[in-house]
Each structure stands twice: as C-alpha cells, then as structure tokens.
Amino acid sequence: MEQQNYTQLVLNTCLKAGKIMMESGSEVYRVEDTMKRIALNAGLDDIQTYVTATGLIIGFPSEQNSQVVQITPQSINLEKVTAVNQGSRQFADGELSLPDFYLYLEEVDQATPDFPYLWKIIAAGIVSSTLMIILNGTWFDFIPTFIIGMIGFAVHTFFGRKLQMNFLNDFVAALIIGYLALLAVSWSVAKDVNSLIIGSIMPLVPGLAITNAFRDIMAGHLISGVARGTEALFIAGAIGGGIIIAFNFF
C-alpha cells in the first residue's frame, strides 16, 4: 500500500509539472523530458509519457498504474516554466523531497506573479511602435502606432475573456486596428496606413505558437506540432480577415 501511494504521488507530481508547463506555453518535448526526469529521480525508471496540446498521459507499466489529465486553455507565462524547471533541478539535487516538490508545484501554479494588465497594454504599444520603425516606418507614425497597438491588444484581451471564443477576439482586434489606422491617416495624424497596421498587429501575431510548432515537429512530436501550427494559421487568418474587412468597409 505504501509503494502504491508513493507511485501515485510520483504520478501526480509529474502530471502537475507537465500541466503547468503546457498551460504556460512550453514545448511538448520539454514537458516530456521534465516529467521523465522527475520520475527517474524518484526511482521509477520505466515511465511512459504521451503529451499533446490538449492532454497528458503518463504511466508506469511495472506498477500497472497510469493517469491522464486534460490541458485547459493555454496562456504565455514563461515564469512558470522556469519555476518548474528550477524545482525539478532542486528535486534532482536532493534539496526538495517528493512531497515538498509537489507542494512547491502547487505554489508555482497558484502564486506565480504575472505582469499587471496595464503593463501588458503599454508593452504592446512599445512592441507595435518599435517594430513599425524597424520595418521601415517613419517616426511621424510612432505615436499613432503606439496608441493603436495598445487599443488593439486591449480589445483582443477583453473579447478573449468575455466571449471565450478562440480566434474571434483576434478578428475583432484586427478589425479595430484596421479601422483606427485608416481613421488616423484620413485625419492626417499619421502618414502610412500600412506601417500603422503592420506595427499594431505585431502583439497579436502567434509567434510562440509558430515557434513551438516547428520545434515540436523537428523533435518528432508531429500531432502536437501540426495542431499548434494549425492554430497559428487560424489566428493569422482571423487577423487577416479583420484587416481585409476594415479596408473594404471603412
């Protein structure tokens, strides 16, 4: 009974670590590697794992024990990924016992700080305006791009939280960005509508999803790689659709 409880704790710890990492934007191969290392350091060397973008499966054939956990909608919080990796190293070095490591993961999941919403909006404006300059925009359009980028990101986040519908928030945000860019040029507060739009949509571009898709495919995780790549294409299509409608109707 004691061995069974220990095995169950190892399962729970591996799944907890993997779930936090997947929901925070980590790659599949990194999640599998972390779960395997935790199990090996816990003394169970026959671990079998299967990770996708929507679920985790882990089992120990010798113990006739396996478990599955669902991955909920994901966000980007690399601070959590770093914290899980740090805890895994401490567990491997003997600085944390297995029960303490599980409690550490619970704390990481609940208490890891995120940047304030206002900071994220300001950062979106900075990303938009600076990338607009890098992509051969003019300094005259810097402030309008900064403002439109912040508004677009705020709309994207607001509709994402309120509607809980994937891709629709990308479409609405791109539509607003396109309309505001055209309005700014028509009011002569900006010069190049293309520069405004290119810079302002940059915070919406699914760069992490595209990067992780290629890295997963190169690591042999074809299902997760293709799933993430398809998600990135849908987001890009929603953004493009919003811009096209803005041009055609406004």
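Every test in (1) open to solvent by 40 Å² or more (accessible area, probe 1.4 Å); (2) within 18 Å of the chain's Cα centre (by Cα) is passed by N5 save one, and that test is (2).
Taken over the stretch 74-119, the criterion of being in contact with an Asp or Glu (Cβ under 8 Å, 6 or more places away or on another chain) and not hydroxyl-bearing (S, T, Y) is satisfied by Q74, N77, E79, K80, P113, D114. Of all residues in the stretch 77-117, those satisfying the criterion of being open to solvent by less than 60 Å² (accessible area, probe 1.4 Å) and of a type in the set (V, I, T) are V81, V84, V108, T112. Listed conditions (1) without any contact (Cβ under 8 Å) to a residue 12 or more places away in the chain; (2) within 18 Å of the chain's Cα centre (by Cα) are all met by A209, apart from (1).
Out of the stretch 8-45, which residues are of a type in the set (D, E, K, R) and under 22 Å from the mean Cα position of the chain (by Cα)? Let's see the steps before the verdict.
Pass one, the stretch 8-45, residues of a type in the set (D, E, K, R): 16, 19, 23, 27, 30, 32-33, 36-37, 45.
Result: K16, K19, E23, E27, R30, E32, D33.
Scan the stretch 198-250 for residues that are within 19 Å of Y50 (Cβ to Cβ) and of a type in the set (S, T, Y) and the total you get is 1. Among the residues that make up the stretch 118-127, is at least one of them open to solvent by 20 Å² or more (accessible area, probe 1.4 Å) and either closer than 30 Å to L15 by Cβ or outside any helix (DSSP H, G or I) (or both)? Yes, that holds for at least one residue. On the basis of being modelled with pLDDT under 85, more than 19 Å from the chain's Cα centre (by Cα) and surrounded by fewer than 22 Cβ atoms within 10 Å (Cβ to Cβ), does F140 make the cut? No.
The values are calculated or read from the model by the stated rules, or taken from the named source; none is laboratory data. Quantities reported herein were computed from a predicted structural model and do not represent experimental measurements. Don't worry about glycine lacking a Cβ; one is built from the backbone with ideal geometry, like all the others, and counts go over all protein chains shown. Heads up: the accessible areas ignore ligands, DNA and RNA and are worked out on the full protein's heavy atoms, side chains in. Shrake-Rupley method; radii C 1.70, N 1.55, O 1.52, S 1.80 Å.
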